[in-house]
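The values are calculated or read from the model by the stated rules, or taken from the named source; none is laboratory data. No experiment lies behind these values; they were computed from the predicted model shown. All Cβ positions, even for glycine, are placed from backbone atoms using ideal geometry, and neighbour counts span all protein chains on display.
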There are 4 protein chains.
Amino acid sequence: MDRVRVCILGASGYTGGELLRLLAFHPYAEVVIATSREYAGKPVHYVHFNLRNIYRNLKFSEINIDAITKSCEAVFLSLPHGVSLNYVPKLLEVGLRVIDLSADFRLKNPEMYKVWYGYEHPYPDLLKIAVYGLPEIHRDELRNAKLIASPGCNATASILSLVPLVKNKVVDLDRIIIDVKVGSSEAGSKPSIADHHPEREGSMRPYEAEGHRHTAEVEQELSLIVGQKVNISMIPHAVGGIRGALASSHSWLLRDVEEMDILRMFVETYKGEPFIRIVYKVPPKYPDPKYVIGSNFADVGFAIESRLRRITAFCAIDNLMKGAAGQAIQAFNIAMGFEETAGLQIVPPKPV
Amino acid sequence: MDRVRVCILGASGYTGGELLRLLAFHPYAEVVIATSREYAGKPVHYVHFNLRNIYRNLKFSEINIDAITKSCEAVFLSLPHGVSLNYVPKLLEVGLRVIDLSADFRLKNPEMYKVWYGYEHPYPDLLKIAVYGLPEIHRDELRNAKLIASPGCNATASILSLVPLVKNKVVDLDRIIIDVKVGSSEAGSKPSIADHHPEREGSMRPYEAEGHRHTAEVEQELSLIVGQKVNISMIPHAVGGIRGALASSHSWLLRDVEEMDILRMFVETYKGEPFIRIVYKVPPKYPDPKYVIGSNFADVGFAIESRLRRITAFCAIDNLMKGAAGQAIQAFNIAMGFEETAGLQIVPPKPV
Amino acid sequence: MDRVRVCILGASGYTGGELLRLLAFHPYAEVVIATSREYAGKPVHYVHFNLRNIYRNLKFSEINIDAITKSCEAVFLSLPHGVSLNYVPKLLEVGLRVIDLSADFRLKNPEMYKVWYGYEHPYPDLLKIAVYGLPEIHRDELRNAKLIASPGCNATASILSLVPLVKNKVVDLDRIIIDVKVGSSEAGSKPSIADHHPEREGSMRPYEAEGHRHTAEVEQELSLIVGQKVNISMIPHAVGGIRGALASSHSWLLRDVEEMDILRMFVETYKGEPFIRIVYKVPPKYPDPKYVIGSNFADVGFAIESRLRRITAFCAIDNLMKGAAGQAIQAFNIAMGFEETAGLQIVPPKPV
Amino acid sequence: MDRVRVCILGASGYTGGELLRLLAFHPYAEVVIATSREYAGKPVHYVHFNLRNIYRNLKFSEINIDAITKSCEAVFLSLPHGVSLNYVPKLLEVGLRVIDLSADFRLKNPEMYKVWYGYEHPYPDLLKIAVYGLPEIHRDELRNAKLIASPGCNATASILSLVPLVKNKVVDLDRIIIDVKVGSSEAGSKPSIADHHPEREGSMRPYEAEGHRHTAEVEQELSLIVGQKVNISMIPHAVGGIRGALASSHSWLLRDVEEMDILRMFVETYKGEPFIRIVYKVPPKYPDPKYVIGSNFADVGFAIESRLRRITAFCAIDNLMKGAAGQAIQAFNIAMGFEETAGLQIVPPKPV
């Protein structure tokens, strides 16, 4: 079988680099176009040193919709929020399958773009056909989806930690605190003072603590699952490490529930999921992103303080993998009818 | 004036080392005895390489109560929990002033030792005379205190973040989540698999998530301040960095309060405090332990998500300083009638 | 084709864990026995959290030569130096192919064991049949080798950096300084004070600076290549990071050589090598282990200070991969007649 | 005694920040002007978060020579290389004492500026009066010096490691390799791709490996000491950690020398030096910058491989302290006739 030819728009950033890595040995797909305004004309390993000798002829190019239309069947967009809007309608029009890794098509309700992103969404109709690319919730809709809106990294960890509890209505749906910890790659590849090594290393720094924008998609998805409005509050923290996002989702149980019942909810919710691993009672006791680095796994678990009926659900992911590129490939595989794990059978190295 | 002669029991650990550092140039005190079973006979810089050329003649010795009684006026105990119990009564009996950095005398209610530490406290009477060594709450009682129970590091950050909110009863006193992030030195100087460099670096690892033992002292102190039972749930996380503890204390405002009112509560609560710094609106926007490292400062601040009336109060400390050795010196200074900041006028280096 | 059944002796350490990772999806081999005295009876993911859901039934077991003989065709030994000696002769006797990752069979001259390791080698005859498992030098001898002595990590980086220069006799063979930098995983998985996170993080610490034991194998291999005695001095330094070893091999050119000539020597030496990548003139300009992490690549390069005819050759590897488990699999593949890259087609993630 | 009023030109960078930290509690000096083009008008803690509550009224200002002349007696210049040239002549002319932390006045031979810095030095006469601010070599000339050229950080570590060996002519003065390891703060406070946290953390990256510019001042000073031309080759490496520079200076002994003789050379060379500590035989065995962080100490030591007569001398410093701000204050103290250690009696914290 010929491999499907794909294009990556915005291939010089960290997520673009990971898409290139994952597609390098993908059995059914290959990258033929990788765009970057800044590095057009340079080989991809000029930026992604890890890819030296992996892609021998692929160079970054400027965005050229005609060339993409002629050569490709699917397009991954790894562009800043607000920029995908400029390309997605055209790409769909010419019949390409689109996987957008930005926030531009994640929210169903166009009003929410005003509230959380500060702009009027120009394509409310496309929001209707876009599928939120979290396979654990939307696997069926992803089959043959034309437009996939790949979830945010903090949102992915948050939702996956909470689905079993929210679906079963065992927690107070108005009292959920999601305290997220993230590594430095989450801020992207563009240098900044905040992420300059001497300033970032060893930090434990809250940010966007008045309401992080991923809140919108988390509330959307959790509300959808339970059929009623769920209110969550997300407070991210920049901590040490390069990769990794850990959602610690705190709430209170509405009734006395046995720990075993909670475990059963996790097991049932994630039965057969190829990338969800439940961490319970064996070391390291709770999920830690350190042990999923480089892979598409999401490790989930929980802890109960029975004295107060407080429960914390955890989800640990690699923010660039299950939180971005890996999840996008997973959704792409489903949409294309490939095995869901194609190109993603990566075991995380340890220690790393 | 002659300098007060002090002894450090358990001087080879991290907290003991910091006490040695702080007392090296203390204007009114000097260390004459530093004990360590393991390193008895070795110079203190054999373990604390940083102290080379600082203490030229001080060697670790075995614990010898007679020698301590003869040479010293005050004793700092930096021993494991449960071990201080073996020494404190005798030290008090011979008339020494005691600053205990363990948990052995922090709780007023002996019952709580059964619940949180699993043992029957053998000296309930001493619990009555012990003063919880947090100057921001107990400054007056600390003057002339004979037995100071120095607070835990996570407890210090938790309490200091919440005092303004709890005292003013603006938050739900039954719905408080304290999500703590700590650096690796918090686990102490004894090697373990969990804190072996390859295993710890880059971790974002929840621990004791069913109920951390510092919960007891935090609830005790906050309840005392507001005059009613406060329930808190503390969930610590081991993250990157060597030093630092950040408490992110999440709760909900009971009524609509202006941000300015909250700010005023912080300002009033901490007016004149030499080591509390309020971080508000200027960079880095919220407290980050990175900027207090090596010093006795506690940086506090807060963030409100008005949509949900959710508030998060933050406190960032150096776990070995305001969270241990620095705070012990501060309380000692008060008890001895010295300037409170003696030996503690340390500006944190940046970047570090 | 049935997959070859292999055993790993000493599977609970870092190198053992990496062998498990690499063999999990190896097309021609599978692990059926993984031994560990300490963790016998526990599933492999009890120690290697990254392997959760990867090996579903494999448990650690005690060493049982009969069971190994019955079930396996090849054995990887990932045991401490001096311990392999106890097993290798028996394993060879029963006809198993042996890949030993310790130093026990690396040196050809038994005298050198006295000098560098302080013991009389009990099996000088086996030293004769052992093949030093560096494919770039001994590929032909590795085909069908019965006993492979897999090189040390520092030795691998040192040798690979110097082969082109030594072979062509352009540098002073008596004036070679190899200044090595290594990450914390090189010290193994056993906790120690030196590698306790608070002590190790941020260190730049020379060790074994009077003569590191890998010197012996580096001098052996370089002397062999050039046909005369080469003297090198290796000074390792423990620096930040978990993985990675960088050899900076400093020497002086014996004559005026053009930079292009040196480049040509590297290109010719490593032509067709699947895991050697030459870094020249494009970013990051010189090899950095950061960009090979998790993979079997060895990145090589050089810098010349013409004013003094000083040349530094660099080689960057992942110490657990090309420096241990990856290289062992590569040699195993050659010995078994498999494609050399089987199980090793891993692209390093970036950033990591 | 009134405190001497000083100005810092370029106070928003890391070195400027450290000068502010050190002068905050200096007994004989105080900062009255701190300039920064970018942050003019902002309080110094707007950039240096660590200084919150330390300087309550000091704001950054634009450079104004008249104001400086009126208010100050001494000026520290912490400006980029080549920029100090624009201010130093004027500052000297109006009678101010000048401590320049750039390279602009370090070299005695104006020709060397062409070779190493690529420009014709416009003030060769000032080079004659400038004193190279390394107190261990130039203490006498520093007394009353009008223009102090404060040494580079890599140069400081390199020179201090080698003085005892070079002065005593025991090593081959044409075969000296200085392999330097540095933390990320050495690159300064300006964000860049190379020092973006995800790219820098865990790196072991050679840079300027064809000849680092500090070579010029190291050769100048070592040649001066021994009275003959010394040739050194410096190869720096960016490694983990924020602070710290370690020089590993490799050479060969010219004759058989006892280890004790070498030790004696170190002891004699540095007898009475307040900031030099010799590390020999006790842990950590060799110097490691980790144990000088935040302080002005320079730890020195050595290792001999007698088999080859190879010797490596080590020097570990905090690049922002003994490598920059601390050393500048030390030289300033000497020039002003203050105690040399004023404001510098800082014990490094551990672990940090």
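One line per residue, one yes/no per condition, for (1) crowded, with 24+ Cβ neighbours inside 10 Å; (2) of a type in the set (Phe, Trp, Tyr); (3) under 19 Å from residue B:101 (Cα atoms):
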{"site": "B:119", "(1), (2), (3)": "no, yes, yes"}
{"site": "B:129", "(1), (2), (3)": "no, no, yes"}
{"site": "B:138", "(1), (2), (3)": "no, no, yes"}
{"site": "B:143", "(1), (2), (3)": "no, no, yes"}
{"site": "B:179", "(1), (2), (3)": "yes, no, no"}
### Message
Can you confirm whether residue B:97 is touching a His at 6+ places or on another chain (Cβ under 6 Å) and surrounded by 17 or more Cβ atoms within 10 Å (Cβ to Cβ)?
### Response
no
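Rundown of residues vs (1) in contact (Cβ under 8 Å) with a residue 60 or more places away in the chain; (2) of a type in the set (Asp, Glu); (3) buried (at least 22 other Cβ atoms within 10 Å of the Cβ); (4) within 13 Å of another protein chain (Cβ to nearest Cβ), yes/no style:
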| residue | (1), (2), (3), (4) |
| --- | --- |
| A:263 | no, no, no, no |
| A:272 | no, no, no, yes |
| A:280 | no, no, no, yes |
| A:289 | yes, no, yes, yes |
| A:293 | no, no, yes, yes |
#### Entry: Of residues in the range A:44-73 being surrounded by fewer than 20 Cβ atoms within 10 Å (Cβ to Cβ) and facing chain C (nearest Cβ under 8 Å), the one nearest to residue C:347 (Cα to Cα)
A:53
### Message
Quick test for you: out of B:104, B:125, pick the one residue that is of a type outside the set (Gly, Ala, Ser), farther than 28 Å from residue B:267 by Cβ and buried (at least 21 other Cβ atoms within 10 Å of the Cβ).
### Response
B:104
### Task
Scan the range D:1-35 for residues that are surrounded by fewer than 16 Cβ atoms within 10 Å (Cβ to Cβ) and within 11 Å of chain B (Cβ to nearest Cβ) and jot them down.
D:25
### Summary
Filter the range A:203-241 for residues that are on the phi < 0 side of the Ramachandran plot and of a type in the set (Asp, Glu); the one that is nearest to the other protein chains (Cβ to nearest Cβ) is A:210
### When residues of the range A:295-323 are limited to those that are facing chain B (nearest Cβ under 9 Å) and among the hydrophobic types (A, V, I, L, M, F, W, C), the one surrounded by the most Cβ atoms within 10 Å (Cβ to Cβ)
A:316
### Query
Taking the range A:243-261 on its own, how many of its residues are in a loop (DSSP other than H, G, I, E, B), buried (at least 24 other Cβ atoms within 10 Å of the Cβ) and more than 7 Å from chain B (Cβ to nearest Cβ)?
1
### Task
Could you grab me the full set of residues in the range D:248-281 that are closer than 25 Å to residue D:345 by Cβ and touching a strand residue (DSSP E or B) at 6+ places or on another chain (Cβ under 8 Å)?
D:266, D:267, D:270, D:275, D:276, D:277, D:278, D:279, D:280
### Query
Can you find a residue in the range D:149-157 that is touching a residue at least 24 places away in the same chain (Cβ under 8 Å) and in contact with a Cys (Cβ under 6 Å, 6 or more places away or on another chain)?
yes
### Message
Please go through (1) in the same structural domain as residue B:161 (by TED's automatic domain parsing); (2) more than 17 Å from residue B:158 (Cα to Cα) for residue B:343 and return the number of the only condition it doesn't satisfy.
### Response
(1)
### Task
Identify the single condition in (1) surrounded by fewer than 22 Cβ atoms within 10 Å (Cβ to Cβ); (2) farther than 26 Å from residue D:285 by Cβ; (3) among the charged types (D, E, K, R) that residue B:38 does not satisfy, given that it satisfies every other one.
(2)
### Query
Which residue, of B:102, B:36, B:71, B:61, is touching a His at 6+ places or on another chain (Cβ under 9 Å) and among the polar types (S, T, N, Q)?
B:102
## Note on the structure
Given (1) surrounded by 24 or more Cβ atoms within 10 Å (Cβ to Cβ); (2) at the interface with chain A (Cβ under 9 Å from one of its Cβ atoms); (3) over 30 Å from residue B:143 (Cβ atoms), residue B:349 misses just (2)
